[in-house]
Amino acid sequence: MKCLSIFQSKSAGAKSSPEPKEENPPSKSKPATKLVKSTGSSPRSIPEIYKEREHTLKKFSFSDLRNATSNFSKLLKIGEGGFGSVYKARFKLSESDNDPTVVAIKRLNKQGMQGHKEWQTEVQFLGVVDHPNLVKLLGYCSVDGDRMQRLLVYEYMPNKSLSVHLFSPTLPPIPWKTRLQICLGAAEGLAYLHEGLEIQVIFRDFKSSNVLLDENFNPKLSDFGLAREGPQGDRSHVSTMPVGTYGYAAPEYVETGHLKSKSDVWSFGVVLFEILTGRWAVDKNRPKGEQKLIEWVKQFPADSRNFWMIVDRRLNDKYSVKAARKVAKLAVSCLYKNPDDRPTMSRLSRA
C-alpha cells in the first residue's frame, strides 16, 4: 500500500466534490513487525549496543560548554522544556577543524534521578541510532558530585521545531509541499526506530515540538529521553508507567500502561491532523467543541463536502485537495481504537 505516495504531490487544486464516506476501519490482519535481528540467539539491549559505539560520541568538559555559551547566557538560549534549557553555541569539535561548528547544547536544570535517567536514556539511544530523520547527538558532558551537571550537544537545527512554524502567528505558513515532505521524513524516522535496528525502539513522545527542522526544512526527531525498547519474543507490549504529552498519547497506553509501536502510530496520526489543520492537538483557548483536535475534525470527514473547513486557512487554498483528503484518511487510520487495526510506520512511509 503506497500510503505516503501523496507526500510527493506538488499540485494545488480546487475543492472537489464529496466522495462516499468510509465509516469503519477494514477488518484485516496486519503482518507482524519485521525487525532486523542480531546474529545471536536474541537481540541485544540498547545499553549493550551502545557500549560498542560510545566511542563515536565526544566527551566535553563542563568548562568548554560553559565558555561556549558565555556561562549559559540568556541571550544564547533558544529553547526550554521539561529536561532543561537549550543554548546555541559555536566551537571547534576537534583540533583539526578549521572553523567552529554551530551546535545546540541542552543542560539539565533539575536535580534528581528522574532527570538523570532521561539524560542517560537519550545518550544511549542517540548513541546507537543513525538515520537522516533523527537528530544527531555529537557528544555529552557528565559531572558528578555536589554540583552535578548533565549536558548534551546536538547538531544545530536552524528552523527550530515543526510546532513553532505551524502555530506561530508571526512566521510565514509552511507551504503545502513542505508539509508533505515533513510528514514523509517523520514517518521514515519512526519506521527506522520500529524496524531498522536489531531491537525495536518506541519513541513514546512523538509530537510536533519534538520534530526539528534543518535549514531545508527536513524533519529530524529529537528528545529521546522517554524512548523505550519494544517488546521481544512473543510479548505483545511493554508494561510501563504511562508518560508523554496530553493529547498525543494513545488511549490504550494511557489507560493500561501497555506500550507498543502502534502507540507511536497514534501520535503520528495526531500530528498529521496538526499539519493539515494548523491547530494544536489540544487548545484550551478555542471554543469548547474545538479544544480537542481529533474530536473536532470528526465533524468534517475527508469525503464530506465541508472537509475544506478543517484545512489550515493560512495555506490560502494553495494545496491539493485530493492529497489533503488522503492525508486525513491516513490520519484516521492511525487513530483507530484497536491498535492492531493501525498501519505500521513502514507501511506508512513506503512510497
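Coordinate-derived values only; no laboratory data. Small disclaimer: the values here were computed from a predicted structure and weren't measured. Backbone-built Cβ (ideal geometry, glycine too); neighbour counts: all protein chains shown.
With a cap of 13 neighbouring Cβ atoms within 10 Å, and only residues DSSP puts in a loop, list the trypsin sites (Lys or Arg not before Pro) found in the stretch 251-351.
On the way: sites: 260, 262, 279, 284, 288, 292, 298, 305, 313, 314, 318, 322, 325, 326, 329, 337, 347, 350; in loops: 260, 279, 284, 305, 318, 337, 350.
Here the trypsin sites (Lys or Arg not before Pro) that fit, given the DSSP loop and packing criteria, are 284, 305, 318, 337.
List the pairs from 58/92; 260/292; 160/298; 177/322 whose alpha-carbon separation is above 19 Å, in the order I gave them.
On the way: 58/92 12 Å; 260/292 24 Å; 160/298 30 Å; 177/322 13 Å.
In this structure, 260/292; 160/298 exceed 19 Å between Cα atoms.
Remind me, relative contact order of the stretch 232-282 in percent, using alpha carbon pairs under 8 angstrom and six or more residues apart? Don't skip to the answer; put the middle values down first.
Numbers: 45 pairs, mean separation 17.6, N = 51.
Dividing the mean separation by the residue count of the stretch 232-282 yields 34 percent.
Given axes a ≥ b ≥ c from the Cα gyration tensor, I'd like to know whether the stretch 34-184 is rounded (a/c under 1.5), prolate (a/b larger than b/c) or oblate. Write down the numbers at each step before the final one.
Details: a/c = 1.60, a/b = 1.07, b/c = 1.49.
Verdict is oblate for the stretch 34-184.
May I ask you to evaluate 6.51 cos²θ - 1.76 cosθ + 1.60, the Karplus curve with θ = phi - 60°, for each residue of the stretch 309-318 and list the ³J(HN,Hα) values in order in whole Hz, giving x for glycine and proline?
5, 8, 6, 3, 5, 5, 6, 6, 6, 8
Going by the alpha-carbon gyration tensor, a ≥ b ≥ c the square roots of its eigenvalues, is the stretch 128-228 rounded (a/c under 1.5) or, if a/c is not under 1.5, prolate (a/b greater than b/c) versus oblate?
Working: a/c = 2.30, a/b = 1.36, b/c = 1.69.
Here the stretch 128-228 falls in the oblate category.
What list of ³J(HN,Hα) values in whole Hz, one per residue of the stretch 255-266 in order, does the Karplus curve 6.51 cos²θ - 1.76 cosθ + 1.60 (θ = phi - 60°) give from phi, with Gly and Pro shown as x?
Running phi through 6.51 cos²θ - 1.76 cosθ + 1.60 with θ = phi - 60° gives 7, 10, x, 8, 9, 8, 4, 5, 5, 5, 4, 4 Hz.
If you put +1 on each Lys and Arg Cβ and -1 on each Asp and Glu Cβ, how big is the dipole of the stretch 46-155 around its Cα centre, in Debye rounded to 20? Could the numbers behind the result be given before it?
Details: 17 positive and 14 negative charges, 92 e Å.
With Lys and Arg at +1 and Asp and Glu at -1, about 440 debye.
Taking amide hydrogens as modeled 1.01 Å from N in the peptide plane, which residues meet the under 5 Å criterion relative to residue 196, leaving out close sequence neighbours?
So residue 196 has HN proximity to no qualifying residue.
Given that just one value was derived from the coordinates, which of (1) 30; (2) 14; (3) 25 is percent of Cα pairs over 35 Å apart?
(3)
For residue 259, enumerate residues with amide H under 5 Å from its amide H, sequence gap 5+ or separate chain, H modeled in the peptide plane.
Distant-sequence amide H within range of residue 259: 238, 239, 240.
Which cross-chain or sequence-distant (5 or more) residues have an amide H under 5 Å from the amide H of residue 138, H modelled 1.01 Å from N in plane?
Under 5 Å from the amide H of residue 138 lie the amide H atoms of 153, 154, 155, each far enough along the sequence or on another chain.
Residue-wise, which Karplus ³J(HN,Hα) couplings in Hz belong to the stretch 125-139, taking 6.51 cos²θ - 1.76 cosθ + 1.60, θ = phi - 60°, and x for glycine or proline?
After applying 6.51 cos²θ - 1.76 cosθ + 1.60, I find 5, 6, x, 9, 6, 7, 7, x, 9, 10, 4, 8, 8, 8, x Hz.
What is the distance, in nm, between label points placed 7 Å from the Cα along the Cα-to-Cβ direction at residue 170 and at residue 144?
The two pseudo-label positions are separated by 4.5 nm.
Find, among the trypsin sites (Lys or Arg not before Pro) in the stretch 106-155, those assigned to loop by DSSP (not H, G, I, E, B) with at most 13 other beta-carbon atoms within 10 angstrom. Write down the numbers at each step before the final one.
Working: sites: 106, 107, 110, 117, 136, 147, 150; in loops: 110, 136, 147.
Passing sites in the stretch 106-155 are 110, 147.
Classify the stretch 188-254 as rounded, prolate or oblate, taking a ≥ b ≥ c as the square roots of the eigenvalues of its Cα gyration tensor: rounded when a/c is under 1.5, otherwise prolate if a/b is larger than b/c and oblate if not. Walk me through the intermediate numbers first.
Numbers: a/c = 2.73, a/b = 1.38, b/c = 1.98.
Oblate, because a/c is 1.5 or more while a/b does not exceed b/c.
Helix 176-195 versus the longest principal axis of the chain: what is the Cα-based angle in degrees, 0 to 90, to the nearest 10?
Between helix and principal axis, roughly 60 degrees.
Based on the Cβ-Cβ distance of residue 55 and residue 92, what FRET efficiency does E = 1/(1 + (r/R0)^6) give at R0 = 22 Å, to the nearest 0.05? Walk me through the intermediate numbers first.
Details: r = 19 Å, r/R0 = 0.88.
Calculated value: 0.70.
Assuming R0 = 25 Å, what is the FRET efficiency of residue 337 and residue 300, from their Cβ-Cβ distance, to the nearest 0.05? Each step should come with its number before you reach the end.
Working: r = 20 Å, r/R0 = 0.79.
After rounding to 0.05, the efficiency reads 0.80.
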